[in-house]
Structure formats: C-alpha cells, structure tokens
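Novice: First, the structure itself, so that you have it in front of you.
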Amino acid sequence: MREAMHGSAIPHPFADGGYKKLLIGGEAVDALSGQRFESRNPATGQRLATVAEGAAEDIDRAVAAARAAFEGPWSRFKPFDRQRVLLTLAELVDRHFDELSTLDTLDMGAPISRTRAGRQRIVGLLRYYAGLATSIHGETIPNSAPGDHLSFTLKEPVGVVGAIIPWNAPLSSSVWKIGPILATGCTLVLKPAEQAPLTALRLGELALEAGVPAGVVNIVPGLGGVAGAALAAHPGVDKIAFTGSHTTGQAIVRASAGNLKRLSLELGGKSPNIVFADADLDSAVPASAMAVFANSGQVCSAGTRLFVERTIYDRFVAEVAAFGAALRIGDGMDPETQLGPLVSQQQLERVIRYLDIGTQEGARRLGGEGRLTQGALADGYFVAPTVFADVDDGMRIAKEEIFGPVISAIPFDDMDDLVRRANATPFGLGAGLWTRDIGKAHRLAGAVRAGSVWINSYQTMDPAVPFGGYKMSGYGKESGTQHVDEYLNTKAVWIRI
Ligand code: NAI
Ligand code: MG
C-alpha cells in the first residue's frame with residue numbers, strides 16, 4: 001500500500017504514525033516476538049500506526065494477568081466500586097468522544113458524521129452497565145426437600161473472558177465487551193481486529209485512568225488465525241465473546257471444545273427488509289437504502305434482502321437506487337461524507353466479486369459503477385452503492401453475506417409465501433417491515449425468525465434493549481439485562497436448618 005498521495009495527514013495524538021504496544025497487566029509491552037504490523041486509513045492509505053503483533057505467548061501472558069486480577073484486587077471490588085469505575089469510564093469516554101470517534105473513522109473509514117452520532121448510545125451503554133453493576137443478585141427459592149432446608153442462588157462472574165471483535169465498529173464493539181466485564185466482575189483479554197486495532201487500545205488506557213485495576217482489561221492486537229485462535233483455544237479462558245463472521249464463529253466453537261468454555265456469538269446475516277404497498281414510502285425509501293448503505297454495508301444486521309410488494313416494486317426499487325446514487329462518497333474525515341471506503345483491499349475484492357456474481361446470475365443492476373477511483377478516491381477502497389433488481393431467492397447474492405453497499409431487491413405477491421421466503425436463510429439477526437396495517441405488522445413480527453424486528457424503522461438500538469441472533473447469526477444477547485447473564489454463573493446453595 002502507498003502513503004497518502006494527497007492532502008496532509010490528519011493530526012491525531014493516537015494515530016500519528018507512531019508505535020503502539022500491547023496492553024497487558026496495566027503495562028504497555030512489546031510482543032514477545034518483537035513482531036509488528038501496520039494499521040492504515042482505508043480512505044487514503046496513510047499509515048496511522050505500527051502495532052505490536054500479539055501471538056500465542058502474549059495471549060498466555062494476558063490470560064495470566066487477567067486470572068491474577070480476577071482472583072486478586074478486582075475480586076474485592078464491591079458492586080458500588082465497579083459502578084463507580086464504570087461511571088468514571090463513561091465520563092472519560094464522553095470527554096474524549098471526539099478523539100475516539102475520529103480514531104474509528106481514521107482506522108476503518110466510517111464517516112465522522114456516523115461515528116460522532118454514536119455518542120449517546122456509547123456513553124449510555126457504559127452508564128447502563130453501571131446501573132446493572134448494583135442490580136445483580138440471586139434468589140431465595142422455596143424448596144420441598146425432606147427436612148428443613150434454605151435454598152438460594154448466587155450470581156458469580158464466569159471468570160476470565162476472551163473477546164474477539166471485528167473492524168466495522170471498533171468503539172461500539174469494545175464497549176459491548178468491556179461494559180459487562182466491569183459490571184459483573186469478570187476480567188478480559190480483548191483481541192481487536194487487525195484492520196482497526198487503535199480504538200480498543202486507547203479505550204484500554206482510559207479504563208486504567210478510570211481506576212480499573214491492572215490486568216482487568218488487557219488488549220492484545222494480532223492476527224485472527226494466531227492471537228485470536230490462541231485465545232479461543234486457551235485452557236485458562238472461561239468464556240469467549242465473539243463478534244464477526246459465521247465461519248470464524250464456527251472455528252471458535254471448535255477451538256473452545258478443549259475446555260468447553262462458554263460462548264456468546266454475534267455473527268452476520270442476510271436480513272430481510274420487507275416493504276408492503278401500504279407503507280409510508282417517503283420514509284421507507286431512504287430507510288431501506290440506508291439499512292444497507294450505512295457504513296458502506298459493513299453492518300451485521302444490514303437489511304440486504306429487500307422484499308418489495310410487486311405492485312410498487314419497480315418504482316420503489318428505482319427510488320432506492322436513486323437515493324443511493326445521490327449519497328456523497330469520500331474520505332470519512334470530511335463532515336459532508338455519507339459513505340466512506342470499505343475497510344481493506346480484501347473487503348474491496350470480496351464486494352467486487354459479488355458485483356460480478358450478481359451480474360453473471362442475471363440480476364438487473366441499477367446504477368453502481370463498482371470501484372470508484374476518480375480524484376482523491378483513487379487512494380482508498382471506495383465502491384458505489386448498488387441495487388440488484390429482479391433477484392431470485394436462489395441466487396448467491398440473495399443468500400450470502402456480502403458486507404458491502406449492495407442491495408438484492410426481490411419482488412413478492414403473497415403473505416404466506418413471503419414469510420416462508422424471508423425465513424429461508426440460515427441466518428436470523430434482524431428483519432425490517434414497512435406497513436400501515438397493524439395486523440400484518442404483528443403477524444410478521446411473530447413469524448420472522450430473527451433476534452430483532454424493526455417495524456417502520458431499521459436498526460434502532462438502545463442499551464436497555466437486547467440485540468443478538470437466531471440460527472446461524474449466533475447466540476447470546478448484547479445490551480439489555482440479558483447481556484450480563486452471559487457473563488455470570490448461577491450457583492445454588494443449600495443450608496440444612
Ligand atoms: P472475521 O470474522 O474472520 O474476523 C473477526 C475477528 O475474528 C477479527 O478480530 C479476526 O482477527 C478474528 N479471527 C479471524 N480468524 C480467527 C480464528 N481462526 N480464531 C479466532 N479469531 C479469529 O472476519 P473478516 O475476515 O474480518 O471478514 C470477512 C467477512 O466476514 C466479511 O466480508 C463479512 O462478510 C464477515 N464479517 C461479518 C461481521 C459481522 O458483524 N457480521 C464482522 C466482520 C466480518
Ligand atoms: Mg486501519
């Protein structure tokens with residue numbers, strides 16, 4: 001890759017081209033191998049940092065530090081103490097939000113308008129977990145055992161958690177792992193994605209500043225097949241919380257078998273977004289476009305199968321394509337930018353391959369010139385938003401997760417047929433539906449096999465509302481009170497009186 005050919009490097013204290021170390025046991029340390037890798041800005045090719053490249057022996061050190069913290073100082077933190085630390089971290093993240101959102105934008109390309117807009121949810125998540133920290137408790141349960149016994153349950157932290165996250169929303173993914181750790185009293189070894197490791201490292205520093213004891217939050221960047229695989233297989237890890245592709249999710253399930261560690265998996269999807277002729281089309285058009293084009297399609301719950309009732313199909317699909325064509329594409333640091341680049345050369349090649357596949361499969365392509373290289377775009381991985389019309393359920397572009405700004409638009413006539421087709425996927429993360437008919441809305445909300453159903457909106461999120469998949473989109477919830485249960489064991493205690 002080349003250095004930025006245009007403009008000047010964006011000054012950022014944490015992305016100044018310097019060297020970033022692993023964070024283990026509260027210390028910034030080199031990888032034992034001395035290896036390093038580069039993280040670059042996918043809009044410009046500019047090198048942001050060289051990063052210590054963690055491997056199996058560094059994962060060993062980090063797991064040991066996490067175990068020592070779990071059994072040591074952290075175990076003496078009362079719920080109030082963990083709450084205080086979480087509230088302080090929320091405060092620090094709020095105060096440093098511009099820095100953190102800019103780091104996400106530089107490292108993975110998302111528009112700054114998008115990363116900045118996450119403030120309320122990200123800070124709100126940390127405050128929400130702070131509330132939960134003092135709300136975790138077992139139950140006293142009446143029993144009918146012979147003799148007199150008192151029985152009750154204790155909720156205990158599962159222990160050392162390994163978290164492995166992707167590159168599409170580094171700050172959000174990191175907070176979704178660190179938050180429940182601090183709420184429950186677990187400890188963490190977090191392996192960020194090699195494409196965008198910087199925000200997690202910075203957040204690790206802020207956690208220390210917030211008063212989190214050394215070793216509670218360890219950040220070990222490295223390659224998936226090396227550091228990630230070592231973490232997933234590690235006998236000293238009690239649970240893995242993974243976000244990413246379903247194929248890597250399957251590898252993690254296999255790797256976890258050695259010590260039967262607990263797992264939660266937030267994987268991808270091919271989510272249906274269903275538009276009826278009776279919907280408010282003025283809001284359905286832009287929302288259906290952004291249900292996929294947002295973050296250049298690099299969103300796990302993107303509504304990539306756009307089912308449209310046949311009577312409005314041609315008009316609706318043309319309007320979605322026109323909306324996409326009018327989006328401003330460019331460097332995410334430009335406040336006017338609506339779509340940034342894809343994260344990497346590899347992701348670019350993958351999306352271009354699917355554009356070719358869709359054309360070969362005979363879908364009708366509306367707009368979408370493929371890779372964009374004019375002017376400043378030449379230095380990044382930019383792809384035009386694309387709508388494929390007249391897509392058949394059997395086409396690969398209707399079945400496989402593309403993870404780019406590509407919509408597969410499919411006509412439908414009949415409700416029963418629609419439900420069957422919407423569910424005819426191994427995935428089940430999200431679903432959208434657009435109608436003014438409350439009966440249809442309720443019927444479909446029940447019939448769709450997916451973890452989140454959005455009616456007359458798409459991808460709305462809140463710290464208090466659980467999010468997570470059905471089927472091959474994974475298991476376990478993030479956000480909501482269910483989230484902390486993923487990090488707790490239930491112990492039953494019996495006392496003969
Ligand atoms: P990935 O799922 O392989 O990577 C996610 C994380 O897992 C990264 O931190 C990576 O280093 C780690 N990892 C990779 N192999 C591992 C292994 N064997 N053991 C443990 N950890 C491992 O996804 P990748 O390669 O970045 O993207 C490929 C495709 O996956 C994308 O085109 C997209 O379709 C899908 N994807 C879906 C995501 C989602 O949220 N639904 C997120 C990222 C990717
Ligand atoms: Mg990067």
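Novice: Yes or no: region 326-336 includes at least one residue that is within 14 Å of ligand 1 (Cβ to nearest atom), in contact with a Lys or Arg (Cβ under 7 Å, 6 or more places away or on another chain) and on the phi < 0 side of the Ramachandran plot.
Specialist: No - not one qualifying residue is present in region 326-336.
Novice: Given the conditions (1) closer than 29 Å to ALA376 by Cβ; (2) assigned to a helix (DSSP H, G or I); (3) not aromatic (Phe, Trp, Tyr), which single one is not true for ARG315?
Specialist: Status for ARG315: all satisfied but (1).
Novice: Which ranges mark the strands (runs of 3 or more DSSP E) fully within region 342-434 that have 2 or more residues being within 23 Å of the chain's Cα centre (by Cα)? Walk me through it before giving the result.
Specialist: On the way: elements: 364-366, 386-389, 406-412, 430-434.
In region 342-434, 406-412, 430-434 are the strands (runs of 3 or more DSSP E) which contain 2 or more residues that are within 23 Å of the chain's Cα centre (by Cα).
Novice: Among the candidates LEU198, LEU203, which residue alone is within 16 Å of ligand 2 (Cβ to nearest atom), in contact with a Leu (Cβ under 6 Å, 6 or more places away or on another chain) and either in contact (Cβ under 8 Å) with a residue 12 or more places away in the chain or under 24 Å from ASP485 (Cβ atoms) (or both)?
Specialist: None of the other options fit; the residue is LEU198.
Novice: Right, next: Can we say VAL292 is in a loop (DSSP other than H, G, I, E, B), away from ligand 1 (no atom under 11 Å from the Cβ) and surrounded by 24 or more Cβ atoms within 10 Å (Cβ to Cβ)?
Specialist: Here the answer is no, as VAL292 does not meet what is asked.
Novice: Quick one: is VAL212 outside any helix (DSSP H, G or I) and either out of contact with any Asp or Glu (no Cβ under 6 Å at 6 or more places or on another chain) or in contact (Cβ under 8 Å) with a residue 24 or more places away in the chain (or both)?
Specialist: Yes: the conditions hold for VAL212.
Novice: Inspect all residues belonging to region 238-245 and state whether any of them is over 22 Å from HIS96 (Cα atoms), more than 16 Å from ligand 1 (Cβ to nearest atom) and in contact with a Lys or Arg (Cβ under 7 Å, 6 or more places away or on another chain). Write out each step before concluding.
Specialist: Filtering region 238-245 down to residues over 22 Å from HIS96 (Cα atoms) leaves 238-245.
From the residues that got through so far, the ones that are more than 16 Å from ligand 1 (Cβ to nearest atom) too are 238.
In the following step, the residues that additionally are in contact with a Lys or Arg (Cβ under 7 Å, 6 or more places away or on another chain) were identified as 238.
Yes, because at least one residue in region 238-245 is over 22 Å from HIS96 (Cα atoms), more than 16 Å from ligand 1 (Cβ to nearest atom) and in contact with a Lys or Arg (Cβ under 7 Å, 6 or more places away or on another chain).
Novice: Now for a separate question. Given the structure, is ALA230 within 16 Å of ligand 2 (Cβ to nearest atom), touching a residue at least 60 places away in the same chain (Cβ under 8 Å) and in the same structural domain as LEU89 (by TED's automatic domain parsing)?
Specialist: Spelling it out, it is not the case that ALA230 is within 16 Å of ligand 2 (Cβ to nearest atom), touching a residue at least 60 places away in the same chain (Cβ under 8 Å) and in the same structural domain as LEU89 (by TED's automatic domain parsing).
Novice: So, one more: Say whether the condition of being open to solvent by 10 Å² or more (accessible area, probe 1.4 Å), farther than 26 Å from GLY297 by Cβ and in the same structural domain as GLU38 (by TED's automatic domain parsing) is met by at least one residue in region 157-177.
Specialist: The answer is yes; a qualifying residue exists.
Novice: Return the residues of region 105-130 that are open to solvent by 30 Å² or more (accessible area, probe 1.4 Å) and in contact (Cβ under 8 Å) with a residue 24 or more places away in the chain; say none if nothing qualifies. I'd like the intermediate steps shown before the answer.
Specialist: Keep residues of region 105-130 that are open to solvent by 30 Å² or more (accessible area, probe 1.4 Å), which gives 113-114, 116-117, 119-121, 127-128.
Those that are open to solvent by 30 Å² or more (accessible area, probe 1.4 Å) and in contact (Cβ under 8 Å) with a residue 24 or more places away in the chain: SER113, ARG114, ARG119, ARG121, ARG127, TYR128.
Novice: With respect to ASP81, determine if the residue is away from ligand 2 (no atom under 15 Å from the Cβ) and modelled with pLDDT of 95 or more.
Specialist: Taking the combined requirement at face value, the residue satisfies it.
Novice: Looking only at residues in region 54-95 that are within 21 Å of ALA193 (Cα to Cα) and touching a Leu at 6+ places or on another chain (Cβ under 7 Å), which one is most open to solvent (accessible area, probe 1.4 Å)?
Specialist: GLU57
Novice: Determine the pairs where a residue that is assigned by TED's automatic domain parsing to the domain that holds GLU194, located within region 29-41, has a partner that is of a type in the set (Val, Ile, Thr) and within 16 Å of ligand 1 (Cβ to nearest atom) with Cβ atoms under 7 Å apart, the partner being 6 or more residues away or on another chain.
Specialist: ARG36/VAL51; PHE37/VAL51; SER39/VAL51
Novice: Another question about this same structure. Could you please give the count of residues in region 22-50 that are away from ligand 2 (no atom under 16 Å from the Cβ) and over 24 Å from the mean Cα position of the chain (by Cα)? Quick ask: steps written out before the conclusion?
Specialist: As a first pass, look at region 22-50 and keep what is away from ligand 2 (no atom under 16 Å from the Cβ): 22-35.
If we keep only those that are over 24 Å from the mean Cα position of the chain (by Cα) too, we end up with 25-35.
Number satisfying all stated conditions: 11.
Novice: Do we find that LEU263 is closer than 26 Å to SER301 by Cα and either surrounded by fewer than 21 Cβ atoms within 10 Å (Cβ to Cβ) or without any contact (Cβ under 8 Å) to a residue 12 or more places away in the chain (or both) in this structure?
Specialist: yes
Novice: Given the criteria away from ligand 2 (no atom under 16 Å from the Cβ), closer than 26 Å to SER39 by Cα, open to solvent by 60 Å² or more (accessible area, probe 1.4 Å) and of a type in the set (S, T, N, Q), does THR247 qualify? Break it down stepwise before answering.
Specialist: Details: away from ligand 2 (no atom under 16 Å from the Cβ): yes; closer than 26 Å to SER39 by Cα: yes; open to solvent by 60 Å² or more (accessible area, probe 1.4 Å): yes; of a type in the set (S, T, N, Q): yes.
Judged against the criteria, THR247 is a match.
The values are calculated or read from the model by the stated rules, or taken from the named source; none is laboratory data. Computed from a predicted structure; not experimentally measured. Positions of Cβ are generated from backbone atoms using ideal geometry, with glycine treated the same way; all protein chains shown enter the neighbour counts. Just so you know, the surface numbers come from the protein's heavy atoms only, side chains and all, with ligands and any DNA or RNA stripped out. Shrake-Rupley method; radii C 1.70, N 1.55, O 1.52, S 1.80 Å.
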